[in-house]
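J.: Structure in structure tokens, see below.
The values are calculated or read from the model by the stated rules, or taken from the named source; none is laboratory data. Given the structure is predicted, the values throughout are model-derived calculations rather than measurements. Backbone-built Cβ (ideal geometry, glycine too); neighbour counts: all protein chains shown. Please note that ligands, DNA and RNA were not included when accessible areas were found on the heavy atoms of the full protein model with its side chains. Shrake-Rupley method; radii C 1.70, N 1.55, O 1.52, S 1.80 Å.
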Amino acid sequence: MTFQSFNPPLRTLMGPGPSDVHPRVLSAMARPTVGHLDPSFIGMMDEVKTLLQYAFQTENPLTFPVSAPGSAGMETCFANLIEAGDKVIVCINGVFGMRMKENVERCGGIPIVVEDAWGRPVDANKVEDALKKNPDVKIVAFVQAETSTGVHSDPAVLCKLAQNYGALSIVDAVTSVGGMPVLVDEWGVDAIYSGTQKCLSCVPGLSPVTFSPRAMEVMKQRKSKVQSWFLDMNLVMGYWGEGKSRSYHHTAPVNTLYALHESLVMLHNEGIENAWHRHAKNHLALKVGLEAMGLRFAVDEAHRLPQLNAIVIPEGVDDAKLRSQALERFGLEIGAGLGAFAGKIWRIGLMGQSSSPRHVIMCLTVLESLLSDAKADIECGKAIDAAQKILF
Ligand SMILES: *Cc1c(COP(=O)(O)O)cnc(C)c1O
């Protein structure tokens, strides 16, 4: 048997992540590997922490990237803050809320589920009822940007509620950081995690997290050891913590961290408000284009994510066939529906580098081409005009 290099095809990534990665980030990754305790590398790590504080809009000293994807950031927050028997309100309105519940159970916590329908935001009234009924709740956990449904839930309101009842908050911001406001200090978030491959447009494999001083205090007061050696913040901080005396915990993914540094430099150069604004504008252009074609969103306008558009698949269209034609004919990846939404919606990502006029126009063109080919009942010839009025 002989083997050859893997040469991936050129794709345009407009699914639920990963998003397109800028060549600047990819070439940063190809720079020479240095030791993970090399003095030059340690300087870069400090910059990564500062740039992540900017991305999260926080001054939390405990801010760094976990060496594994978004789900590991999730697990880091739950594993470090929960001890056996702790009660945690988990808000479920899609796949990632379900994953949170799974984490609570595996940490020995007691989940109190507040459920909302797929496609709906977390209902703060239900969360408040659950807090009233369970005065001993330790944590309220919810997903700001539910990538499985394209729904936004309001962290300003939910974190305030948690605070009012003396609970901590854990927020999933995997799809929100870089694509819409995430204001950790202003909202008083206690633990929050993100991912590199969504609106930060870096390669997959790292999960930025940040903890409030209040959360740090709770972790210090733990009676039991964190059951995960790898994710135990007390140990990880020997490497990522303050001061010069960094010591070996695990070998950091050196080159992936170069990539994250580069993508954060790009975000900082653009300005985070400008990045939020760009995501909002491209979303609006895609929206008017899709609507001109006669397509509908699965989510009410008030709760839509700019970076993840859940679109109802028109009657009679073969979901899997259309997505594979988009990929084969045009190199365009769009996302399938998950769980309750499988076969019912497409998930069109406009994340990070994939949030641009080029992506909006390409997506509209490809959908119009394939849907008219499939004899779907759509309006042809109007989408591009409509989108261009917003874009230019
Ligand atoms: C993608 C995603 C995750 C999981 O991130 P991975 O990098 O795939 O582990 C968690 N939560 C949300 C909201 C996501 O979109």
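J.: How do the peptides 167-174, 351-358 rank, highest first, by the average count of neighbouring beta carbon atoms within 10 Å per residue?
T.: 167-174, 351-358
J.: Sort 177-183, 75-81, 4-10, 279-285 for me by packing, meaning the mean count of neighbouring Cβ atoms within 10 Å per residue, highest on top.
T.: The most tightly packed comes first, giving 75-81, 177-183, 279-285, 4-10.
J.: Full-extension gain between Asp46 and Asn164, please, as 0.36 nm times their residue separation minus the C-alpha to C-alpha distance.
T.: Result for the pair: 39.1 nm of gain on full extension.
J.: Counting Lys +1, Arg +1, Asp -1, Glu -1, what net charge surrounds Gly70 among other residues with beta carbon under 15 Å of its beta carbon? Could you put the intermediate results ahead of the total?
T.: Details: positive: Arg99, Lys198; negative: Glu75, Glu102, Glu146, Asp172.
So the surrounding residues net to -2.
J.: Continuing with the same structure: Give the lysines whose C-alpha is closer than 17 Å to that of Lys133, dropping any in the same chain fewer than 8 places away, or say none.
T.: Cα-Cα hits under 17 Å: Lys87.
J.: How much area per residue is accessible in the chain when the probe is 1.4 Å and only protein heavy atoms are counted (Å²)?
T.: On the way: 16580 Å² over 392 residues.
Ligands and nucleic acids excluded, the result is 42 Å² per residue.
J.: 5 Å is the cut-off here: which amide hydrogens, built 1.01 Å from N in the peptide plane, fall below it relative to Ser148, excluding neighbours closer than 5 in sequence?
T.: Long-range HN contacts for Ser148: Val95, Phe96.
J.: If each of Ser245 and Arg296 carries a label point 7 Å out from its Cα toward its Cβ, how far apart are those two points in nm?
T.: About 6.4 nm separates the two model spin labels.
J.: What value, in deg cm²/dmol to 500, does the helix sum -39500 (n - 2.57) over DSSP H runs of n ≥ 4 give at 222 nm once divided by the residues of the chain?
T.: About -13000 deg cm²/dmol.
J.: Ranking request for peptides 381-390, 194-203: highest mean number of other beta-carbon atoms within 10 Å first, then the rest in descending order. Please report the intermediate quantities before stating the final value.
T.: On the way: 381-390: 17.1, 194-203: 29.3.
Peptide ranking by packing, descending: 194-203, 381-390.
J.: Moving to a separate point now. Would you mind getting me the FRET efficiency between Asp318 and Glu128? Use the beta-carbon distance for r and R0 = 51 Å, nearest 0.05.
T.: Efficiency for this residue pair is about 0.70.
J.: Could I ask something else about it? If I take R0 = 35 Å and measure r between the Cβ atoms of Gln221 and Lys389 in this structure, what FRET efficiency does the formula 1/(1 + (r/R0)^6) give, to the nearest 0.05?
T.: E(calc), rounded to 0.05, equals 0.05.
J.: Right, something else. Could you sort Trp229, Trp276, Trp118, Trp240 by accessible area so the largest value comes first, with the probe set to 1.4 Å?
T.: Working: Trp229 145, Trp276 35, Trp118 65, Trp240 5 Å².
My answer, sorted largest first, is Trp229, Trp118, Trp276, Trp240.
J.: A further question on this structure: List every residue whose amide H lies under 5 Å from the amide H of Lys344, counting only residues 5 or more places away in sequence or on a different chain, with H placed 1.01 Å from N in the peptide plane.
T.: Residues meeting the criterion, in which the H sits 1.01 Å from N, are Gly337.
J.: How far is helix 319-330 tilted, in degrees, relative to the longest principal axis of the Cα atoms in the chain, given as a value from 0 to 90 rounded to the nearest 10?
T.: So the helix axis and the longest Cα principal axis differ by about 80 degrees.
J.: Here's another thing I want to ask about it. For the pairs Lys138/Lys223; Lys281/Lys382; Lys198/Lys382; Lys198/Lys220; Lys138/Lys220, flag any whose C-alpha to C-alpha distance is greater than 22 Å.
T.: Where the Cα-Cα span goes over 22 Å, the pairs concerned are Lys198/Lys382; Lys198/Lys220.
J.: Provide the gained length on full extension for the span Leu327 to Thr33, in nm with one decimal, where the gain is 0.36 nm per separating residue minus the Cα-Cα distance.
T.: Computed gain between Leu327 and Thr33 is 102.4 nm.
J.: Can I ask one more? Measure out, as a whole number of angstrom, how far apart the alpha-carbon centroids of segment 133-183 and segment 1-52 sit.
T.: 29 Å
J.: Does anyone have the angle between helix 254-270 and the longest principal axis of the chain? Alpha-carbon axes, 0 to 90°, nearest 10?
T.: Result, in degrees: 70.
J.: Can you compute the charge dipole magnitude of the chain about its Cα centre, using +1 on each Lys and Arg Cβ and -1 on each Asp and Glu Cβ, nothing else charged? Give it in debye, rounded to the nearest 20.
T.: Using only the charged Cβ atoms, the result is roughly 400 debye.
J.: Between helix 155-164 and the chain, what is the angle of the helix's C-alpha long axis to the longest principal axis, kept within 0 to 90° and rounded to the nearest 10?
T.: Computed tilt is about 30 degrees.
J.: Near Gly15, within a Cβ-to-Cβ distance under 11 Å, what is the net charge of the other residues, with Lys and Arg +1 and Asp and Glu -1?
T.: Once positives and negatives cancel, what remains is +2.
J.: Could you check what % of the DSSP bridge pairs in the chain are antiparallel, to the nearest 5? Intermediate results must be reported in sequence, preceding the final value.
T.: On the way: 19 of 39 bridges.
In the chain, DSSP labels about 50 percent of beta bridges as antiparallel.
J.: Find how many whole Å separate the alpha carbon centroid of segment 237-313 from the alpha carbon centroid of segment 329-392.
T.: Distance between centres, Cα-based: 19 Å.
J.: Determine which aspartates and glutamates satisfy two conditions relative to Lys321: a Cα distance under 19 Å, and not lying fewer than 8 residues away in the same chain.
T.: Those aspartates and glutamates meeting the cut-off are Glu333, Glu368, Asp373, Asp377.
J.: Taking the square root of 5 times each eigenvalue of the Cα gyration tensor, what semi-axes in Å does the equivalent ellipsoid of segment 50-142 have, largest first?
T.: Its equivalent ellipsoid spans semi-axes of 24, 16, 14 Å.
J.: According to the square roots a ≥ b ≥ c of the eigenvalues of the Cα gyration tensor, what is the shape class of the chain, taking rounded for a/c under 1.5, prolate for a/b larger than b/c otherwise, and oblate for the remainder?
T.: Oblate, since a/c reaches 1.5 and b/c is not below a/b.
J.: Right, something else. Would you work out which of Asn282, Met219, Leu231 lies farthest towards the positive end of the dipole of segment 193-352? Charges go on Cβ: Lys and Arg +1, Asp and Glu -1.
T.: Towards the positive end, the residue furthest out is Met219.
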